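The values are calculated or read from the model by the stated rules, or taken from the named source; none is laboratory data. None of the values given here were measured: they were computed from a predicted structure. Using ideal geometry, Cβ is built from the backbone for each residue, glycine included, and neighbour counts are taken over all protein chains shown.
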Amino acid sequence: MVTEPIVKKPTRMKKAPSYDKTESTSKIKDALKPVPKKSDSKKDPAYEKDHKMVKGRFKFHEVPGGELKFSYVKYQNDTDKPWVMKDGETYEVPYMVAKHLNQGGKYPIHRHAVDEEGRPSQVIGQMVDRFGFEPIGFFDDEDLHPSPNLLTVKNL
């Protein structure tokens, strides 16, 4: 007995719902536009302060004698300039880069503790500086001076 193979009839695909392509494309383009981190007005006092050149010594605490390669952009109209700094060398950099070097290269050392009621908690016992920038010949504010290593931040 010979049976004929079952042949399925091709089905017609349903038409996809229509939408305005220009509207969705413009939404995507708007979402991809870079958002300025700060005001780009060159008359802004904060902008002028951040671009003022300061002199200091780079310290690489994590790798003594080593070099650090990085780039830093704070304002939308700044160019992405690569920086290469060697431990112990003196550099003249914009204030914003010096501030970034002092505040951006830290990591916490966590430890576990038990409170009075016996509940475990996580404590940040110390912040470790990977690198820093010591100001030479100028004094501004607390932004460019090392912060104390011991913190009392607790997550309960």
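Can you tell me which residue is nearest to VAL54 (Cα to Cα) among those in region 76-113 that are modelled with pLDDT of 90 or more and of a type in the set (Ser, Thr, Tyr)?
Per the stated criteria, the residue is TYR95.
Take the residues in region 98-131 that are within 17 Å of the chain's Cα centre (by Cα) and not in a helix (DSSP H, G or I), then tell me which one is surrounded by the most Cβ atoms within 10 Å (Cβ to Cβ).
For region 98-131, the residue satisfying everything is PHE131.
If you take the residues of region 42-86 that are β-branched (Val, Ile, Thr) and more than 19 Å from the chain's Cα centre (by Cα), which of them is farthest from VAL97 (Cα to Cα)?
Step by step, filter region 42-86, then rank; the result is VAL63.
Among (1) among the basic types (Lys, Arg); (2) in a loop (DSSP other than H, G, I, E, B); (3) at pLDDT below 60, which single condition is LYS29 missing?
Going through the list (1) among the basic types (Lys, Arg); (2) in a loop (DSSP other than H, G, I, E, B); (3) at pLDDT below 60, LYS29 breaks only (2).
List every residue pair whose Cβ atoms lie under 8 Å apart, where the two residues are 6 or more positions apart in sequence or sit on different chains, the first residue falls within region 43-69 and is over 21 Å from PHE131 (Cα atoms), and the second residue, located anywhere, is of a type in the set (Gly, Ala, Ser) and modelled with pLDDT of 90 or more.
none
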